[in-house]
Amino acid sequence: MGGLPRRPLVHKADLPTRVKKRGSEWKEQAIERGVEVTAQLAQRGNELRVRARAGIQRTREALGQTKGHPAKGASVRSRNKMTYELLSLFSGLVGGALAGAVFTRLWRAIAGAEEVPEPTQLDRRIRDVLVVGALQGAVFGVVKAALSRATARGYREITGHDFTR
């Protein structure tokens, strides 16, 4: 197995000195790189802060606000609208349940039957199904109109605002 004789890459006596020297070089390079990265991050952070402030300013201008203060009545109007929309949603849910109950009682009184004919029940006459649909639509429409009116009037009496959509 001839070949070249093996030589150690580093003499054992030189190893601690070389490691120490190389370690201090790496340490200095890491510190320099860390300083560079820190400076880059600080600069990028400042750029992002400036961009964020510009975006906030554009948003305020779009909403009609200046210097962080809402335009006269701007936030009050949006809060009033949100409140009115929530009340309308709630009254719609209550109205649907109420209309269903009113229609069921009305149908029982008119037809004398416990069950309301469904449009998919093919054993029922078409006339019965169409009468049920028309009556149900009329009941739901009347209940919805009455509750919408009551919600708008109640909102106006409580808040003093006449909010129209």
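Data table
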| read-out | value |
| --- | --- |
| Qualifying residue in the stretch 147-164 (condition: under 31 Å from the mean Cα position of the chain (by Cα), among the hydrophobic types (A, V, I, L, M, F, W, C) and assigned to a loop (DSSP other than H, G, I, E, B)) | yes |
| Residue match in the stretch 79-97 (condition: part of a helix (DSSP H, G or I), at pLDDT 65 or above and over 29 Å from THR159 (Cβ atoms)) | no |
| Yes/no for GLY100 being modelled with pLDDT of 80 or more and within 27 Å of the chain's Cα centre (by Cα) | no |
| Residue count for the stretch 133-157, restricted to those that are touching a Phe, Trp or Tyr at 6+ places or on another chain (Cβ under 7 Å) and either farther than 21 Å from GLU118 by Cβ or modelled with pLDDT under 90 (or both) | 1 |
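The values are calculated or read from the model by the stated rules, or taken from the named source; none is laboratory data. Predicted model only: the values in this text are computed from it and were never measured. Don't worry about glycine lacking a Cβ; one is built from the backbone with ideal geometry, like all the others, and counts go over all protein chains shown.
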